[in-house]
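Below is one structure, written out as structure tokens, with a few remarks after it.
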Amino acid sequence: MGKLITIREVRNHVGDWVDLLGVVMEFSFPRMSHGTDYVSILKIVDQSQQKPELPVHVFVEAQHKLPIAQSYGDLILLRHVKVEMFDSEVYAVFKWKYSSYALFTGMETQNVFYYQTYSRFHLSPLDKNLVRDLRRWLVLNQLLDSGTSEYLVSLSDIKENVYFDLVCKVQYVAHDSRDDMWMLFVWDGADVPPLSIEGNLKDEEKNPLPLQIECSTLPNDILQKFKHVGTVLRVKADEVHENLGVYFRPVEKWIRIRNMVCQVSSGLWYGLLGPTSKVRLLSNNDGIVVDRIRFQEKARKGCRSSLWSFLYPNCLTEINYSDVQFVTLMDVLVYKEVSSDPLFCCVIRVIAICPSLVEDFYLPDRLDERRMRLTLEDSTARIHASLDDNEWEYFFGDCATADSLAMKIKQLLGVPRHQNINDDSTFLRHPPWIRCCISLESDNEGNQIYKLCDTKLLI
């Protein structure tokens, strides 16, 4: 057992083996070291020093043995770690052959029980008193914040392939079998920027746009726990973060993800964690968390629709209802009330249609049964909705020729004026925001079927 020292004293013990007790402020996602060990870097503080935070490089022989703090303010007691220095930066190194640790909840209580330990750890009565003292200090000095950074942005300000920090609440963690990687589902209250759609309209028949980043829609009981307003961003963990879901515990808690990047696939945003990404645990009372919540509440003013829809006119359609409460597509997706003919009013974008060949709707055998599948999108979800028979006629209105229908479809999907919608070449389309009504039905197997209704194009 080494000598227990404060973080302020660490600089005076370079080369020594010491014991440390601190509050875990940040941790990197576990990864393989350059050898055969797994490594994670913690940053800790105590009563003696809050800035700079002390890095602790933890090396263990198995990933599940790495220390994983569960909540903001949790404490770690480190035994026999070596103090080292590189480029004038002092840090501690946990070596699994010689060191041990214990993690404790940061909540103020007289009971001192660790929830995770490494082998050879022994807790003494003196240790218990020191843990109680640090807890008491933490409660009385709630000055530990998330830190400031020029890289900190909201989801409404993300850009493709630009690294940034994100303060967010973790909604869920799941493994995606298609890509064989773990995925975080995070939310900060904002709406991601709407994207242009690249491709051609014929693609939708053989290679339709996906409804989500993950390989299949999550179970409804999971989606019901998601926030229904604002984007829940899917964040993939790359191959160095194997088994992330096994050790990542801050679900339903606020965190700060440092050094992540966003990319685009099929018109959908997703985040990506890299080898240098880190997580900072946040209190619900952290200034930046409070600011995020207040800003979104003020910006929305009770409105559930995407805030991006207010930046662009959505006067291409009219609906048969006035003074209605607009809802999000996530509201529609998780609706489970047993009632007759539920109806939803939404502000959405139509990003794809099927079939796309307008001439097909003028064939003799199609005149009495016109049907189209629309892919609808807002900041919260994508769904398929059908446009059938009379509702098709009402929506498109007077379309005496295929050319007149093609013109309306081009405006609905945001296809450039000069572009032939039957062209096989790839082009960008910029779907406008529109108002629409969606009805919900169930088939014989209990599957939900969405239909566009009571909506008319004003073109």
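The values are calculated or read from the model by the stated rules, or taken from the named source; none is laboratory data. For clarity, every value in this text was computed on a predicted model and none was experimentally measured. Counting neighbours? That spans all protein chains shown, and the Cβs are built from the backbone with ideal geometry, glycine included. For accessibility, only protein heavy atoms count, side chains too; no ligands or nucleic acids. Shrake-Rupley method; radii C 1.70, N 1.55, O 1.52, S 1.80 Å.
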TODO: Would you be able to say whether some residue in segment 154-170 is in a loop (DSSP other than H, G, I, E, B), within 33 Å of the chain's Cα centre (by Cα) and either basic (Lys, Arg) or at pLDDT below 90 (or both)?
DONE: yes
Task: Qualifying positions in segment 426-447 - of a type outside the set (Gly, Ala, Ser), open to solvent by less than 70 Å² (accessible area, probe 1.4 Å) and touching a residue at least 40 places away in the same chain (Cβ under 8 Å) - done: Phe427, Arg429, Pro431, Pro432, Trp433, Ile434, Cys436, Cys437, Ile438, Leu440
Task: Test: Asp423 is open to solvent by 60 Å² or more (accessible area, probe 1.4 Å) and either in contact with a Phe, Trp or Tyr (Cβ under 8 Å, 6 or more places away or on another chain) or at pLDDT below 90 (or both) - done: no
Task: Lone qualifier among Thr217, Thr231 - being surrounded by fewer than 19 Cβ atoms within 10 Å (Cβ to Cβ), among the hydroxyl-bearing types (Ser, Thr, Tyr) and under 16 Å from the mean Cα position of the chain (by Cα) - done: Thr217
- [ ] Determine the pairs where a residue that is basic (Lys, Arg), located within segment 111-133, has a partner that is part of a loop (DSSP other than H, G, I, E, B) with Cβ atoms under 7 Å apart, the partner being 6 or more residues away or on another chain.
- [x] Lys128/Val112; Arg132/Gln110; Arg132/Val112
Open item on the list: If I filter segment 32-47 for residues that are in a loop (DSSP other than H, G, I, E, B) and surrounded by 22 or more Cβ atoms within 10 Å (Cβ to Cβ), do I get at least one hit?
Closed with: no
Open item on the list: Of all residues being surrounded by fewer than 13 Cβ atoms within 10 Å (Cβ to Cβ) and either basic (Lys, Arg) or within 23 Å of Trp308 (Cα to Cα) (or both) in segment 375-420, which is farthest from the chain's Cα centre (by Cα)? Just the residue, please.
Closed with: Arg417
TODO: Report the residue count in segment 117-126 for those that are surrounded by 13 or more Cβ atoms within 10 Å (Cβ to Cβ) and out of contact with any strand residue (DSSP E or B) (no Cβ under 6 Å at 6 or more places or on another chain).
DONE: 1
- [ ] Go through segment 150-207 and give me each residue that's of a type outside the set (A, V, I, L, M) and under 14 Å from Ile255 (Cβ atoms).
- [x] Asp165, Cys168, Lys169, Gln171, Tyr172, Phe185, Trp187, Asp188
- [ ] Tell me, yes or no, whether segment 283-292 has at least one residue that is free of Cβ contacts under 8 Å to residues at least 24 places away in the same chain, of a type outside the set (Gly, Ala, Ser) and in a helix (DSSP H, G or I).
- [x] yes
TODO: Kindly list the number of the only condition in (1) at negative phi; (2) open to solvent by 30 Å² or more (accessible area, probe 1.4 Å); (3) outside any strand (DSSP E or B) that fails for Glu252.
DONE: (1)
Open item on the list: I'm trying to understand the selection: among the residues of segment 298-317, which are touching a residue at least 60 places away in the same chain (Cβ under 8 Å), open to solvent by 70 Å² or more (accessible area, probe 1.4 Å) and within 15 Å of Ser156 (Cβ to Cβ)?
Closed with: Tyr312
- [ ] Find the residue count for segment 48-85, including only residues that are in contact (Cβ under 8 Å) with a residue 60 or more places away in the chain and open to solvent by 10 Å² or more (accessible area, probe 1.4 Å).
- [x] 11
Task: When residues of segment 86-116 are limited to those that are among the hydroxyl-bearing types (Ser, Thr, Tyr) and open to solvent by less than 60 Å² (accessible area, probe 1.4 Å), the one nearest to Arg8 (Cα to Cα) - done: Tyr91
